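Below: the structure, in C-alpha coordinates.
The values are calculated or read from the model by the stated rules, or taken from the named source; none is laboratory data. The shown structure was predicted, so the numbers you read here are calculated from the model rather than taken from an experiment. Heads up, the Cβs are rebuilt from the backbone with ideal geometry, glycines too, and the neighbour counts pull from every protein chain shown.
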Amino acid sequence: MANPRELSDEEKKQVLEYVLEEIALSSVSLRKATKSAIGFFKLDNLSPSTVLNWIEAFEKHEQYARAREDRADNIFEEILDIVDCEDHDMGIDEKGNPRVNHDVIQRDRLRVDARKWMLGKMQPKKYGDKLDVTSDGEKLEGGVTIFQLPDNGRD
(Lines give C-alpha, C1' and ligand atoms only; values in the text may rest on other atoms or scores of the structure.)
Protein backbone atom coordinates (compact mmCIF):
# COMPACT_ATOMS: atom_id res chain seq x y z
CA MET A 1 0.00 0.00 0.00
CA ALA A 2 1.12 3.53 -0.72
CA ASN A 3 1.00 6.71 1.24
CA PRO A 4 -0.51 9.59 -0.82
CA ARG A 5 2.54 11.74 -0.01
CA GLU A 6 4.79 9.20 -1.74
CA LEU A 7 2.85 9.31 -5.02
CA SER A 8 4.30 10.99 -8.07
CA ASP A 9 2.41 13.91 -9.59
CA GLU A 10 1.23 11.60 -12.39
CA GLU A 11 -0.12 9.10 -9.85
CA LYS A 12 -1.82 11.88 -7.90
CA LYS A 13 -3.49 13.05 -11.12
CA GLN A 14 -4.73 9.50 -11.76
CA VAL A 15 -6.22 9.31 -8.27
CA LEU A 16 -7.74 12.75 -8.71
CA GLU A 17 -9.30 11.80 -12.06
CA TYR A 18 -10.76 8.68 -10.43
CA VAL A 19 -12.27 10.75 -7.59
CA LEU A 20 -13.77 13.28 -10.00
CA GLU A 21 -15.22 10.50 -12.13
CA GLU A 22 -16.75 8.85 -9.06
CA ILE A 23 -18.40 12.13 -8.10
CA ALA A 24 -19.74 12.73 -11.61
CA LEU A 25 -20.91 9.21 -12.44
CA SER A 26 -21.74 7.62 -9.10
CA SER A 27 -23.37 10.69 -7.55
CA VAL A 28 -21.33 10.32 -4.38
CA SER A 29 -19.82 12.95 -2.14
CA LEU A 30 -16.15 13.90 -2.19
CA ARG A 31 -15.76 11.99 1.07
CA LYS A 32 -17.18 8.75 -0.38
CA ALA A 33 -15.27 9.11 -3.64
CA THR A 34 -12.07 9.55 -1.62
CA LYS A 35 -12.79 6.38 0.38
CA SER A 36 -13.43 4.51 -2.85
CA ALA A 37 -10.08 5.69 -4.23
CA ILE A 38 -8.30 4.32 -1.16
CA GLY A 39 -9.51 0.83 -1.99
CA PHE A 40 -9.12 1.11 -5.74
CA PHE A 41 -5.53 2.37 -5.61
CA LYS A 42 -4.62 0.42 -2.44
CA LEU A 43 -3.60 3.55 -0.54
CA ASP A 44 -2.85 3.65 3.18
CA ASN A 45 -5.10 6.67 3.53
CA LEU A 46 -6.41 9.66 1.63
CA SER A 47 -8.38 12.56 3.01
CA PRO A 48 -10.85 14.80 1.19
CA SER A 49 -8.68 17.79 2.14
CA THR A 50 -5.72 16.19 0.35
CA VAL A 51 -7.88 15.75 -2.75
CA LEU A 52 -8.96 19.40 -2.51
CA ASN A 53 -5.29 20.39 -2.27
CA TRP A 54 -4.59 18.37 -5.43
CA ILE A 55 -7.49 20.08 -7.19
CA GLU A 56 -5.84 23.39 -6.33
CA ALA A 57 -2.30 22.26 -7.18
CA PHE A 58 -3.21 20.74 -10.54
CA GLU A 59 -5.74 23.49 -11.38
CA LYS A 60 -8.66 21.10 -11.75
CA HIS A 61 -11.29 23.56 -10.49
CA GLU A 62 -13.35 23.41 -13.68
CA GLN A 63 -13.33 19.61 -13.74
CA TYR A 64 -14.38 19.51 -10.08
CA ALA A 65 -17.18 22.00 -10.71
CA ARG A 66 -18.34 19.98 -13.74
CA ALA A 67 -18.26 16.75 -11.72
CA ARG A 68 -20.43 18.39 -9.07
CA GLU A 69 -22.89 19.60 -11.73
CA ASP A 70 -23.03 16.11 -13.22
CA ARG A 71 -23.61 14.67 -9.75
CA ALA A 72 -26.57 17.00 -9.25
CA ASP A 73 -28.04 16.03 -12.63
CA ASN A 74 -27.63 12.34 -11.73
CA ILE A 75 -29.36 12.89 -8.40
CA PHE A 76 -32.22 14.51 -10.32
CA GLU A 77 -32.40 11.40 -12.52
CA GLU A 78 -32.42 9.24 -9.36
CA ILE A 79 -35.53 11.10 -8.22
CA LEU A 80 -37.29 10.11 -11.43
CA ASP A 81 -36.17 6.49 -11.00
CA ILE A 82 -37.49 6.39 -7.43
CA VAL A 83 -40.82 7.94 -8.38
CA ASP A 84 -41.30 5.68 -11.40
CA CYS A 85 -40.42 2.45 -9.55
CA GLU A 86 -43.49 0.53 -8.40
CA ASP A 87 -41.76 -2.77 -7.63
CA HIS A 88 -42.74 -3.07 -3.98
CA ASP A 89 -45.69 -0.67 -3.73
CA MET A 90 -48.13 -3.56 -3.45
CA GLY A 91 -47.91 -6.66 -1.33
CA ILE A 92 -50.05 -9.61 -0.37
CA ASP A 93 -51.43 -9.92 3.15
CA GLU A 94 -51.68 -13.18 5.11
CA LYS A 95 -55.10 -13.88 3.54
CA GLY A 96 -53.75 -13.50 0.01
CA ASN A 97 -55.35 -10.10 -0.60
CA PRO A 98 -53.39 -7.34 -2.36
CA ARG A 99 -52.44 -4.49 -0.02
CA VAL A 100 -50.65 -1.20 -0.50
CA ASN A 101 -47.24 -1.25 1.16
CA HIS A 102 -47.30 2.17 2.84
CA ASP A 103 -43.85 1.67 4.38
CA VAL A 104 -42.22 1.45 0.95
CA ILE A 105 -44.15 4.47 -0.30
CA GLN A 106 -43.12 6.51 2.76
CA ARG A 107 -39.50 5.44 2.33
CA ASP A 108 -39.57 6.50 -1.32
CA ARG A 109 -41.11 9.84 -0.34
CA LEU A 110 -38.29 10.37 2.18
CA ARG A 111 -35.65 9.46 -0.43
CA VAL A 112 -37.15 11.90 -2.94
CA ASP A 113 -37.53 14.71 -0.39
CA ALA A 114 -33.93 14.29 0.79
CA ARG A 115 -32.64 14.45 -2.79
CA LYS A 116 -34.79 17.49 -3.61
CA TRP A 117 -33.45 19.28 -0.55
CA MET A 118 -29.87 18.35 -1.47
CA LEU A 119 -30.32 19.61 -5.03
CA GLY A 120 -31.72 22.89 -3.77
CA LYS A 121 -28.62 23.37 -1.62
CA MET A 122 -26.10 22.04 -4.14
CA GLN A 123 -27.37 24.05 -7.11
CA PRO A 124 -29.94 26.58 -5.92
CA LYS A 125 -30.13 28.45 -9.23
CA LYS A 126 -30.99 25.32 -11.15
CA TYR A 127 -32.87 23.19 -8.61
CA GLY A 128 -33.82 25.58 -5.80
CA ASP A 129 -37.24 26.98 -5.10
CA LYS A 130 -38.06 29.88 -7.36
CA LEU A 131 -39.50 32.99 -5.79
CA ASP A 132 -42.30 34.44 -7.87
CA VAL A 133 -42.29 38.17 -7.30
CA THR A 134 -45.74 39.02 -8.55
CA SER A 135 -48.75 40.97 -7.52
CA ASP A 136 -52.03 39.11 -8.10
CA GLY A 137 -50.35 37.05 -10.79
CA GLU A 138 -49.03 40.11 -12.64
CA LYS A 139 -45.34 40.89 -12.91
CA LEU A 140 -44.34 43.99 -11.01
CA GLU A 141 -43.07 46.84 -13.14
CA GLY A 142 -40.08 48.97 -12.16
CA GLY A 143 -40.48 51.52 -9.42
CA VAL A 144 -41.39 51.33 -5.78
CA THR A 145 -44.45 49.54 -4.48
CA ILE A 146 -45.91 50.89 -1.26
CA PHE A 147 -47.88 48.47 0.85
CA GLN A 148 -50.72 49.75 3.01
CA LEU A 149 -50.99 47.99 6.35
CA PRO A 150 -54.52 47.23 7.61
CA ASP A 151 -55.97 49.86 9.95
CA ASN A 152 -56.96 47.40 12.71
CA GLY A 153 -58.98 50.18 14.37
CA ARG A 154 -55.98 52.13 15.62
CA ASP A 155 -55.65 55.89 15.38
Cross-chain or 6+ apart pairs with Cβ under 7 Å, the range 37-59 first and on the phi < 0 side of the Ramachandran plot and outside the structural domain of residue 22 (by TED's automatic domain parsing), then assigned to a loop (DSSP other than H, G, I, E, B) and at pLDDT 95 or above: none
Selection status of residue 111, at pLDDT 90 or above and touching an Asp or Glu at 6+ places or on another chain (Cβ under 9 Å): yes
Odd one out for residue 90 among (1) in contact with a helix residue (DSSP H, G or I) (Cβ under 6 Å, 6 or more places away or on another chain); (2) more than 27 Å from residue 123 (Cα to Cα); (3) free of Cβ contacts under 8 Å to residues at least 24 places away in the same chain; (4) hydrophobic (A, V, I, L, M, F, W, C): (1)
Flag for residue 55 being among the β-branched types (Val, Ile, Thr) and touching a Phe, Trp or Tyr at 6+ places or on another chain (Cβ under 6 Å): yes
Boolean, residue 91 is among the small types (Gly, Ala, Ser), exposed (fewer than 12 other Cβ atoms within 10 Å of the Cβ) and not assigned by TED's automatic domain parsing to the domain that holds residue 25: no
